[in-house]
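Any read-out appearing in this document is the output of simple, stated calculations on the displayed coordinates, not a laboratory observation. Here the structure is a predicted model, which means the values were calculated and not measured. Don't worry about glycine lacking a Cβ; one is built from the backbone with ideal geometry, like all the others, and counts go over all protein chains shown.
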Amino acid sequence: MEKLQHRQPLGFAPAFERFGQDQAHWLDDYALFHALKARYGGASYLQWPEELVRRTPAALDQARRDLASQVEQVRFAQFVLSRQGARLKAHARAKGVRLLGDLPFFVSPDSSDVWAHPELFLLDAEHRPRVVAGVPPDYFSAHGQRWGNPIYDWDALGARGYRWCIDRVRALLAHVDAIRLDHFRGFTAAWHIPAGAPTAQSGQWVPGPGADFFDAVQKALVGLPLLAEDLGIITPDVSALRDAFHLPGTRVLQFAFDGHADNPYLPDNYVPNTVVYTGTHDNSTTRGWYEDLPDAERRNLWRYVKRAGATSADASPALLRLAWSSVAALAIAPLQDVLNLGNDARMNQPGSADGNWRWRCTSEMLSASAFQLLRDLTHASARSGGMETPRTDASMAAAS
């Protein structure tokens, strides 16, 4: 309580108390989980004493008493983070900027979510996942991707009105204006991999909650400020679910130039209720992508944009122009593409657990001249308006 008492004269205490009461449904378990993680040297919660793994009331009460100071520090850190997030959102709105957040579909197997709510996941008697999440072989990996996340028990979640899921959405919306739903196809069906399988190849598709989930979210939030990340192996039922709730789908220009006129990633095939990316955090940077592109696809790109004799330095500006001039309601470019960087600035390599999310932008990179093309494109395409809602025919633009 020392840090809290230090701030009481500044008026933090009443707000902190309200925050604790309003967020108790997740905050208390989260704070105790992290205090226990520290006590046990960062070990997985499955390696804690059995009475804590199984959350026996006496063991939890004792842990709360023993770790009261550490628990309070975690609670206070979350309070400060929440305040800062709210201030950032308010500041952005005052500047005419809207924030788009990202909601992962799954959670970590070693998380307060699974520890506090094992009944909401497909676990065995030892609280270990019976099946884990991933995707079958696809564009990114010949063996598929074995993510290892526990998979939801949708029957248990549905019996509770999806309250746990809705709380996750509501918590993120406190800090952003709209949410990109990662792995949207998981709401239709998810790839269940036996927990002992070394790769994702032996999995199978198992139905998800479908429209029942979105009906519940829509009623709880009085709207659906959501975007669908509908990439990967997309079957007609996934597109039908997306369209039934008028959610914008996702298109990635780096996937567009295989030479087929009906390729859904070609701008000619977009509908307005779409979000277009040059590439996402899972892709190479556009400059790096072009350097690895087969000659035939390079020719398809320049034929499509009606240019000849271009170099890798021209690829990112070309895709930016395509995205911003398309009918897609929202156009997004990673900062690496705005800055026209190569593959040394790649953010993430899907299917690889190491070496990701290490690229950093320096202040020297953020010169006014670096954004001149983006500024010109935004004005030329009338994409200077703010993002009021994901479902809109108004032009919007973003760099992330």
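Under a Cβ-only charge scheme (Lys and Arg +1, Asp and Glu -1), can you give me the dipole magnitude of region 1-95 about the Cα centre, in debye to the nearest 20?
Numbers: 15 positive and 10 negative charges, 132 e Å.
Charge dipole, region 1-95, about its Cα centre: 640 debye, nearest 20.
Give me the log10 of I(q) over I(0) for the chain at q = 0.08, 0.11 Å⁻¹, as the Debye formula computes it from C-alpha points; what are the numbers?
One equal scatterer on each Cα of the chain leads to -0.50, -0.95.
Multiplying the sequence separation of Ser381 and Arg358 by 0.36 nm and subtracting their Cα-Cα distance, what value in nm do you get?
That pair, Ser381 and Arg358, stretches by 5.0 nm at full extension.
Under 5 Å between amide hydrogens, which residues at least 5 positions from Gly148 or on another chain qualify, with H placed 1.01 Å from N in the peptide plane?
Ala133
Going by C-beta contacts inside 10 Å, put Cys165, Cys361 in order with the fewest on the left.
Placing the least packed residue first, the sequence is Cys361, Cys165.
Using the per-residue mean of other Cβ atoms lying within 10 Å as a proxy for protection, in what order, highest first, do the peptides 229-235, 347-353 fall?
In decreasing order of mean packing, 229-235, 347-353 become 229-235, 347-353.
When the Cα centres of region 10-44 and region 349-368 are compared, how far apart do they sit, in Å?
Taking the Cα centre of each part, region 10-44 and region 349-368 sit 30 Å apart.
Considering amide H positions built from the backbone, and no H for Pro or chain starts, which residues 5 or more places from Leu123, or on another chain, come under 5 Å of its amide H?
Amide H neighbours of Leu123, under 5 Å, 5+ apart: Arg130.
Tell me whether region 174-306 comes out rounded, prolate or oblate; compute the Cα gyration tensor, take square roots of the eigenvalues as a ≥ b ≥ c, and use a/c under 1.5 as the rounded threshold.
Cα axes put region 174-306 in the oblate bin.
Show me 257-263, 286-292 ranked by packing, highest mean number of other Cβ atoms within 10 Å first.
The densest-packed peptide leads the list: 286-292, 257-263.
Along the positive direction of the dipole of region 96-399 (beta-carbon charges: Lys, Arg +1; Asp, Glu -1; about the Cα centre), which of Leu322, Leu120, Phe257 reaches farthest?
It is Leu322.
Estimate the FRET efficiency between Asp167 and Ala308 by the formula 1/(1 + (r/R0)^6), using the beta-carbon distance for r and 51 Å for R0, to the nearest 0.05. It would help to have the intermediate numbers written out before the result.
Details: r = 54 Å, r/R0 = 1.06.
Plugging the Cβ-Cβ distance into 1/(1 + (r/R0)^6) gives 0.40.
Calculate the FRET efficiency for Gln372 and His25 from the Cβ-Cβ distance with a Förster distance of 41 Å, rounded to the nearest 0.05.
It comes out at approximately 0.30.
Between Leu88 and Ser239, what is the spin-label point distance in nm, taking each point 7 Å from the Cα along the Cα→C-beta axis?
About 3.6 nm, to one decimal.
Can you give the % of DSSP beta bridges in the chain that are antiparallel, to the nearest 5? The partial results should precede the final answer.
Details: 13 of 31 bridges.
Once the DSSP bridges in the chain are tallied, antiparallel ones form about 40 percent.
Calculate, for Leu81 and Met365, the FRET efficiency according to 1/(1 + (r/R0)^6) with r their C-beta to C-beta distance and R0 30 Å; round to the nearest 0.05.
The pair Leu81/Met365 has a calculated efficiency of 0.70.
Where does the chain land at 222 nm, in deg cm²/dmol rounded to the nearest 500, when only DSSP H runs of n ≥ 4 count, each adding -39500 (n - 2.57), divided by all residues?
Result for the chain, helices only: -11500 deg cm²/dmol.
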